[in-house]
1. When the residues of the range 94-113 are filtered to those that are of a type outside the set (Gly, Ala, Ser), within 14 Å of the chain's Cα centre (by Cα) and in a loop (DSSP other than H, G, I, E, B), which remaining residue is surrounded by the most Cβ atoms within 10 Å (Cβ to Cβ)?
2. Which one of the conditions (1) open to solvent by less than 20 Å² (accessible area, probe 1.4 Å); (2) closer than 17 Å to Leu113 by Cβ does Pro47 fail to meet, given that it meets all the rest?
3. Within the set of pairs 6 or more residues apart or between chains, which connect a residue that is more than 21 Å from Gln127 (Cα to Cα) inside the range 37-64 to a residue that is among the acidic types (Asp, Glu) and open to solvent by 30 Å² or more (accessible area, probe 1.4 Å) with Cβ atoms less than 6 Å apart?
4. For the range 71-93, check the following and say yes or no: at least one residue is under 23 Å from Gly13 (Cα atoms) and either at pLDDT below 95 or assigned to a strand (DSSP E or B) (or both).
5. In the range 114-124, what count of residues is obtained for those that are within 12 Å of the chain's Cα centre (by Cα) and either part of a strand (DSSP E or B) or modelled with pLDDT under 95 (or both)?
6. Which of the residues belonging to the range 25-70 are of a type in the set (Gly, Ala, Ser) and part of a strand (DSSP E or B)?
7. Taking only pairs six or more apart or across chains, which ones have beta-carbon atoms under 6 Å, a first residue in the range 119-137 that is closer than 14 Å to Trp103 by Cβ and open to solvent by less than 10 Å² (accessible area, probe 1.4 Å), and a second residue that is at pLDDT below 95 and not in a strand (DSSP E or B)?
Amino acid sequence: KKTPGGRPLLPSGLVYAGAARTLTADDHDALCLFDAAAGFTYTLPTPAEGLKFTFQVTVTVTSAAAKILTPTGVFLLGHFNQSTDGTFTVAWHAANGTTIRSWNGNGSTTGGLIGDYVTLVGKNATQYVIWGYGSATGSEATPFATS
């Protein structure tokens, strides 16, 4: 398999962003870290079959949100499994593949707590398959949004 630009799909290693960053197909298979308490956005490239990104929250978000955003016209399909911090009440949140464009961890009810992780794999030119696991403080709420 190759990227849309013809390059081999090789692992890229770690991405320490600390601030907004737009990923490219050259970042395929990278582990992208949310490594700042002030939330920021990773913007994904247009998906290609097999293009993969994994995200790990290494610092709990205290302002804004840890956000993963698709390009316009690209949608997320899959789920995020979440539990509360004390009672392990499990909630599954679904991304429908037709309107959901982002995952947002706010450091509280939608995730974004240290240890949360999300993986996305390109399904076709308009969808990423997403799955992940995280925690919440208080009542869980969906981390998925249309923008």
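The values are calculated or read from the model by the stated rules, or taken from the named source; none is laboratory data. What you are looking at is a predicted structure, and each value in this text was computed from that prediction instead of being measured. For neighbour counting, all protein chains shown are included, and Cβ atoms are generated from backbone atoms with ideal geometry for every residue, glycine included. Calculation scope for accessible area: heavy atoms of the full protein, side chains included, ligands and nucleic acids excluded. Shrake-Rupley method; radii C 1.70, N 1.55, O 1.52, S 1.80 Å.
1. Among those that are of a type outside the set (Gly, Ala, Ser), within 14 Å of the chain's Cα centre (by Cα) and in a loop (DSSP other than H, G, I, E, B), it is Thr110.
2. Pro47 satisfies all of (1) open to solvent by less than 20 Å² (accessible area, probe 1.4 Å); (2) closer than 17 Å to Leu113 by Cβ except (2).
3. The qualifying pairs are Thr58/Asp35; Val59/Asp35.
4. no
5. Residues meeting the conditions: 5.
6. Answer for the range 25-70, where residues must be of a type in the set (Gly, Ala, Ser) and part of a strand (DSSP E or B): Ala30, Ala38, Ser63, Ala66.
7. Ala136/Thr109
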